[in-house]
Amino acid sequence: MAKSSDTQRWDEFIKGLWRENPIFVGVLGLCPSMAVTNTTMNGLVMGLASTFVLVGSSALVSMVRNYVPKQVRISVFIIIIATFVTAVDFSLAAVMPAAHKQLGAFIALIVVNCIILGRQEAFASKNTVALSIIDALGMSAGFTLALVMIGGIREVLGMGSLLGISVLGMAFEPWAIMILPPGGFLTLGALLSLFTWLKSRNEKKRQTTVGAV
């Protein structure tokens, strides 16, 4: 039984990284993934802020799920999410004012991020606190990974640096378009294509293996 429980928890975590990645599979949360990922650090900070909000709100929603009338559950979920967003917004402003200024209004807009509200409705409101936290951690990890990948590619090609450290040398001519909004679309499109190809290839391999057996 313990092994089965551990397997379920691992499955709930890993699905957010690959099988149900919020950006590369669900194609959700595209607003921050386009707007703030012109550098790796911005993507990382946004991912960590979203992680705090998603984990905290998922845990609290799971705790109160049996006490909230179904008719007002969405309103309650939004109030809970907004509370955690306010906390992370004030914390960033105090601890990392430069990053807070860079991210601007997009920190407050975490409240309406469909990934956050979607996990409350689809998972946290129907499962235990432990499973809800694991699900939130997995989805947050997948979301953060996607933002860092997009930000890393855009920063390297658009500035020739990674986390502010030069990696392509003085001879490299930065692609200015990569740090502008069109660069976000180009990068996301390329990563979506790669992710879809990898999933398709793995599915074909799995089917071939099953057929051979």
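Pairwise alpha-carbon distances in the chain exceed 31 Å for 28% of all pairs.
Counted as membrane-span-like here are DSSP H helices of the chain whose alpha-carbon atoms extend 30 Å or more along the helix's own axis and whose Kyte-Doolittle mean is -1.0 or above; these are 40-64, 73-95, 129-159, 181-212.
Descending by average beta-carbon neighbour count within 10 Å, the peptides 143-149, 66-72 line up as 143-149, 66-72, the highest first. Each peptide in 85-94, 120-129 was scored by the mean count of other Cβ atoms within 10 Å over its residues; highest first, the order is 120-129, 85-94. Each part reduced to its alpha carbon centroid, segment 1-63 and segment 138-210 end up 17 Å apart.
Between residue 162 and 167, the built amide H atoms are under 5 Å apart, and every one of these is 5 or more places off in sequence or on another chain.
With 31 Å as the limit, write out which pairs from 15/205; 15/70; 101/126 have Cα-Cα distances beyond it, or answer none. Listed pairs above 31 Å: 101/126.
Where a number appears in this text, it was derived from the coordinates with a stated rule and is not lab data. In this text the structure is predicted, and so the values were computed from the model without any measurement. Backbone-built Cβ (ideal geometry, glycine too); neighbour counts: all protein chains shown.
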